[in-house]
Amino acid sequence: MISAKDADVSIEYITSFKLMNFYRKSSDFEALDTILKNNGIIRNYQPLHSKVYIFDEKQAIITSGNLTNGGLNTNYKYGVLIKDENNVGSVMQDFYDIFNSCITGKISFEKIENAQKIIQDTPREKQVKFKPLQYEEDENDVFDIGLFPIVENLTGWKLEVFNCLDSIKNRTFSLEEAYAFEDILSDKYPNNHNIKDKIRQQLQYLRDLGLTPIFVSRLYSTRKLPF
């Protein structure tokens with residue numbers, strides 16, 4: 001797509017950035033890097049499962065095919081090409097409702113690099129499983145490969161907040177439950193007087209690193225997530 005597009009055409013892309021997708025190689029770090037290097041914008045919306053392609057506000061394709069060689073060329077897929085201006089406009093409206101949503105995060109080179117390090121340090125054999133989830137989850141929501149590669153590649157606030165979240169018995173929680181760690185984090189960072197804001201900021205980062213779909217899925221579904 002990048003080689004075919006004009007220089008002044010930008011790519012705006014929404015993906016479901018989950019560590020298990022990269023671990024199973026159903027998502028590709030290099031592809032995301034390529035989009036960013038060509039001035040594209042990538043947003044992370046973890047509940048995403050749709051495959052929609054929009055071209056120049058004139059055509060749209062809704063299909064079961066992933067943006068891969070197999071998904072578009074060799075696997076048996078089914079899709080619909082839309083050329084009607086009003087229908088394309090409706091698809092675009094849906095796209096930008098998600099793209100600009102307050103619960104949709106921005107993927108950067110830093111987040112891709114951090115996620116790559118975690119995957120590189122993860123053994124190919126599954127050794128450790130997280131506690132059972134209490135909701136019906138997508139199989140890729142759970143990064144059940146163990147905590148070691150995660151804690152080895154997080155530092156500072158990100159690591160402290162992740163450790164706090166991992167101590168919660170249930171795999172879903174409210175924002176207020178995350179704020180319950182305010183006193184613990186205040187002891188670690190006594191000079192920071194905006195602990196709740198910092199917790200919320202780190203939740204954003206961990207979400208967009210692909211680490212917290214199991215933590216925030218209930219908040220997504222109830223639209224209570226404040227970031």
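Looking at 207, 200, which one is touching a helix residue (DSSP H, G or I) at 6+ places or on another chain (Cβ under 8 Å), touching a residue at least 60 places away in the same chain (Cβ under 8 Å) and either at positive phi or part of a helix (DSSP H, G or I) (or both)? I'd like the intermediate steps shown before the answer.
Working: 200 fails: touching a residue at least 60 places away in the same chain (Cβ under 8 Å).
Step by step, each of 207, 200 is checked, and only 207 is touching a helix residue (DSSP H, G or I) at 6+ places or on another chain (Cβ under 8 Å), touching a residue at least 60 places away in the same chain (Cβ under 8 Å) and either at positive phi or part of a helix (DSSP H, G or I) (or both).
If a residue has to be closer than 21 Å to residue 70 by Cβ, open to solvent by 50 Å² or more (accessible area, probe 1.4 Å) and not in a loop (DSSP other than H, G, I, E, B) to count, how many in the range 1-51 make the cut?
Selection size over the range 1-51: 4.
Which of the residues that make up the range 154-187 are assigned to a helix (DSSP H, G or I), surrounded by 15 or more Cβ atoms within 10 Å (Cβ to Cβ) and among the β-branched types (Val, Ile, Thr)?
Selection gives 161 alone.
Kindly list, by first and then second residue, each pair from a residue in the range 8-35 that is closer than 18 Å to residue 147 by Cα and free of Cβ contacts under 8 Å to residues at least 40 places away in the same chain to a residue that is in a loop (DSSP other than H, G, I, E, B) and not charged (D, E, K, R), limited to pairs with Cβ atoms under 6 Å and residues at least 6 apart or on different chains.
As it stands, the answer is none, since no pair meets every condition given.
Kindly indicate whether any position in the range 98-111 is assigned to a strand (DSSP E or B) and at pLDDT 85 or above.
Checked the range 98-111: at least one residue is assigned to a strand (DSSP E or B) and at pLDDT 85 or above.
Please work out if residue 54 is within 24 Å of residue 81 (Cα to Cα), out of contact with any Lys or Arg (no Cβ under 9 Å at 6 or more places or on another chain) and part of a strand (DSSP E or B).
Values: within 24 Å of residue 81 (Cα to Cα): yes; out of contact with any Lys or Arg (no Cβ under 9 Å at 6 or more places or on another chain): yes; part of a strand (DSSP E or B): yes.
So residue 54 passes the test.
I'd like to know if the range 179-200 contains one or more residues that are hydrophobic (A, V, I, L, M, F, W, C) and modelled with pLDDT under 85.
Start the filter on the range 179-200 by keeping residues that are hydrophobic (A, V, I, L, M, F, W, C), which leaves 180-181, 184-185, 195, 199.
Retained after the next criterion (residues that are modelled with pLDDT under 85): none.
No, every residue in the range 179-200 fails to be hydrophobic (A, V, I, L, M, F, W, C) and modelled with pLDDT under 85.
For the range 84-96, state whether one or more residues are under 29 Å from residue 149 (Cα atoms) and of a type in the set (S, T, N, Q). Full working, then the answer.
Residues of the range 84-96 that are under 29 Å from residue 149 (Cα atoms), as a first pass: none.
No, there is no match, as no residue in the range 84-96 is under 29 Å from residue 149 (Cα atoms) and of a type in the set (S, T, N, Q).
I'd like the full set of residues that are under 18 Å from the mean Cα position of the chain (by Cα) and among the aromatic types (Phe, Trp, Tyr), limited to the range 174-210.
Across the range 174-210, the qualifying residue is only 205.
Which residues, counting only those in the range 64-79, are closer than 21 Å to residue 18 by Cα and surrounded by 11 or more Cβ atoms within 10 Å (Cβ to Cβ)?
Residues satisfying the conditions are 64, 65, 66, 67, 68, 71.
Residue 147 - would you say it is within 23 Å of residue 23 (Cα to Cα) and over 18 Å from the mean Cα position of the chain (by Cα)?
Working: within 23 Å of residue 23 (Cα to Cα): yes; over 18 Å from the mean Cα position of the chain (by Cα): yes.
Answer is yes for this residue.
The values are calculated or read from the model by the stated rules, or taken from the named source; none is laboratory data. Just so you know, these numbers come straight off a predicted model, no measurement behind them. Cβ atoms come from the backbone with ideal geometry, glycine included; neighbour counts cover every protein chain shown. The protein model used for the area step is the full one, side chains on, heavy atoms only, and it has no ligands, DNA or RNA in it. Shrake-Rupley method; radii C 1.70, N 1.55, O 1.52, S 1.80 Å.
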